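For reference, the structure is listed below as structure tokens.
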Amino acid sequence: MSLRLSEGDSFKLRCSAVTTSMEHTHLHVTWQIKSGSTWQDILSLTHEGKFQPGPGYEERYRNGDIRLDTGANDTYWLSVSQASSVDGGAYRCLVSEWVRGADSTWQKIQEKSVEIASVAIQRTALDVVISTSNVSVTERDSLDLTCNITTDRSGIFQAEVMWYFSMSPDDTLSDAQVLLSMDRDSVVSDSTLISLSHVDRNSYRLLVRDVDVEDSGYYFCHAGVWVPLHNGSWHKVVERTSAPVSVVVTALEPDYEVFLNASKTPKFSDDPTELNCRITNSQDTKANIRFTVSWYYRPRLRSDDVVTEELLATMDADWTLLLGDRGRERTQNGEIIFSKKAVDTFSLRIQWTSESDRGDYFCVISAWSRHRNNSWVKSKDVSSASVSIFWATQDYTLTVEAVKLKPFFVAGHTFEMTCKVSSKNIKTPRYSVLITAEKPLTDQSNPNGTTRIISLNQDSVVRLEDWTDQTRVDGVVLEKVQENEFRYRMYQTQISDAGLYRCVVTAWSPGGGGMWREAVNGLSNPIQIDFQTSGPVFNVSVHSDSPTIYQGELADLLCIVTMEGMALEPDDMSFDVSWFAVRSFALDREPILLASLDRRGIVMQSRRNGSSDLSLERISPLEFRLRVHGCEDHDFGNHYCVVTPWVRSATGVWQREPDIKAKPIFLSVKMDVLNAFKYPLLIGIGLATVIGLLSCLIGYCSSRWCCKKEVQETRRERRRLMSMEMD
């Protein structure tokens, strides 16, 4: 018998087995299938009455897909459900007869087989095809795709369909996104904008409404065929996936133009500037289209220079203003204002335009489209023509002239000079003046050479800059004589005031918001103060009889002032003395002020961290002694003194001479090893002696009184040894 079945069908085979033996025997029936050249057991009914599935058929036997039933007239039926390709082949029935022996063991008497049928399983053919190939739709339109299913299956079956979306045609089902599905009971999964309908028995339609650019990609259909089983359940016999279909969604760009004009243009510096960026001739701009603006500035350069655009500000889809690097601070201060005057108009206003704002300006209007997930995506940019902001100006000029009012004067008199200022092309200027002095390089108080003395700003506020002479706080005056003339006075001039004096003038013009804007700077000619004197010349040196000392000792350092030239009375000269130390062998560290003695005899000491102490005294009119009491190791280093001479002139005015620095001397502090260990050694020996004597005393007392005992001696008998011969 030959059977031709489709995949998933069921079939039955019958085998009859009769015995004629007179013995009490049992039959063992086995159904087999021929796999290649060998027979493989499917299911057996043993001689003991048990069902035994063959290798690989256990699961199907438990599920009920393979059964062995007995019928009338000694028939044995093999039932196979959900037939697959492995069930195809030749089937035979193998019957053996068994008898129980006297020892209760089973013995096979005979065995016979017969081929019952040849079964051919035909696989179910399934073709899944999307009716269209490549599809192109416009944004906001509907996408319509149909999946056609063709199968050679006859009888009862149901189909299930699933639509997938992927950005790549090579993605697998696990990587793709499930759009909609319809199971074998025609139940469709829920979706708002996507629908799936069963057009006829073999066609399934996918409809995507209101598509946008994000829907561009590859769509494919996956289908499966289910057949019913004898127990009422369903079994999937075949499934296939269609070839992907490319879908391109063309963005629906709005059509509009951008026009930029200047409603206010500056004619002078600090005038306001206002630009309006308008959207004109707009089409296809529905509720899901939003416009934003970006403002750009392009400086005007020479033709051979590369012009770069600078972003002033831009808006995102939520109309949040994002500032660029240029003008960020001015925008935060309110000097530059960005606003939206109307639905189609954006404005840029510069409250007070400066020369640095001259150049070309243009705006870019961006259109944003709202997608189905309520997100905004930029769809188009349109740039306007540039508008030039420029006005003719002439360069600012500023001239400063310094004049000495008294051409000849001596130390102690008043120095006076005026600064006259003239400017051009500056609107209602105001001036700030700074007086500077260039001292000789030999001046130790200012090694850089230039000193800022006093200043007067554009609001006529006077300020002392680097003037540090506390004895002459009111010794310098700067005042405004006229709008363009300033006068500087210095009372009781000193020898140390010699140098070149200049006027540094800054012209200011009114800016926006009541602020002043710096226009240009100017420097005057120098005015020299030079004192011709034949007075004495002072020299300073440092001396010590013992530059190397031990810790704890006293260190004496002498600062000796010598004088050459004209001799002076002790009452006509005085000195400010300051002692410094550099804590290193080389002079590579910052000096530390130890103590100072001014010309009035007031001693000032700096704060110290160690236990050593300092004293500074004048031992003669030209000698000053610094003592370090109880020297420690951190008192080493190079020590030197700085002397400021003061000389009384014939008019009775004290004149300050330039500072004089002495050559440093190195002070070395050593540790006295013998003195360092003397006291610990004496203390140790003393403690050892006391402990030894105390130990001897404790031992003597213990042996004399505490440990004395009477010892009783036992009397021993004295016997003479007998000779061995007596025994």
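What to note about this one:
- Taking a ≥ b ≥ c as the square roots of the eigenvalues of the Cα gyration tensor, an a/c ratio of 1.5 or more together with a/b larger than b/c marks region 312-459 as prolate.
- Qualifying chymotrypsin sites (Phe, Trp or Tyr not before Pro) in region 553-642, DSSP loop, other Cβ atoms within 10 Å at most 15: PHE585
- Accessible carbon and sulfur surface of the chain relative to its total accessible area, %, 1.4 Å: 50 percent
- The slack between MET671 and VAL473, meaning 0.36 nm per residue of separation minus the straight C-alpha distance, is 66.4 nm.
- Within region 307-395, GluC sites (Glu not before Pro) in DSSP loop having at most 14 other beta-carbon neighbours inside 10 Å: GLU309
- Rounded to the nearest 10 square angstrom, ARG328 shows an accessible area of 90 square angstrom against a 1.4 Å probe.
- The heavy atoms of ARG583 offer some 50 square angstrom of accessible surface to a 1.4 angstrom probe.
- The accessible-area ordering, largest first, of the residues ARG14, ARG487, ARG4 stands as ARG4, ARG14, ARG487, per a 1.4 angstrom probe.
- Whole-number accessible area per residue in Å² for the chain, which is evaluated in the context of all protein chains at 1.4 Å: 58 Å²
- Each of CYS706 and VAL690 was given a label point 7 Å from its Cα along the Cα-to-Cβ line. The distance between the two points is 2.1 nm.
- Taking 0.36 nm per residue of sequence separation and removing the Cα-Cα distance, the ASP466/MET22 pair yields an extension gain of 145.8 nm.
- Degrees, to the nearest 10: 673-701 long Cα axis against longest axis of the chain: 70 degrees
- Efficiency of FRET from Cβ geometry, ASP185 and THR241, R₀ 22 Å, rounded to 0.05: 0.55
- Accessible surface ranking that places the most exposed of ASP270, ASP318, ASP357 first, with a 1.4 angstrom probe: ASP318, ASP270, ASP357
- Comparing ALA120, THR192, VAL161 along the charge dipole axis of region 85-223, the residue lying farthest to the positive side is ALA120, per the Cβ-charge model.
- Restricting region 23-123 to trypsin sites (Lys or Arg not before Pro) that sit in a DSSP loop and have at most 13 other Cβ atoms within 10 Å of their own Cβ leaves LYS50.
- Extension gain (nm, one decimal) between THR132 and GLN283, 0.36 nm per residue minus Cα-Cα: 51.1 nm
- Global geometry of region 97-252, whether rounded, prolate or oblate, following the gyration tensor of its Cα atoms and the 1.5 cut on a/c: prolate
- Sorting HIS47, HIS543 by solvent-accessible area of protein heavy atoms yields HIS543, HIS47, largest first, with a 1.4 Å probe.
- Region 77-127 and region 222-258: distance between their alpha carbon centers, rounded to Å: 43 Å
- PHE486 exposes around 0 Å² of accessible area when a 1.4 Å probe is run over every protein chain in place.
- Ellipticity estimate at 222 nm from DSSP helix runs (n ≥ 4, -39,500 (n - 2.57)) divided over the chain, nearest 500: -2000 deg cm²/dmol
- Three-way shape label, the chain, alpha-carbon gyration tensor, a/c 1.5: oblate
The values are calculated or read from the model by the stated rules, or taken from the named source; none is laboratory data. Bear in mind that the values here come from a model prediction, so they are computed numbers and not experimental data. Counting neighbours? That spans all protein chains shown, and the Cβs are built from the backbone with ideal geometry, glycine included. Calculation scope for accessible area: heavy atoms of the full protein, side chains included, ligands and nucleic acids excluded. Shrake-Rupley method; radii C 1.70, N 1.55, O 1.52, S 1.80 Å.
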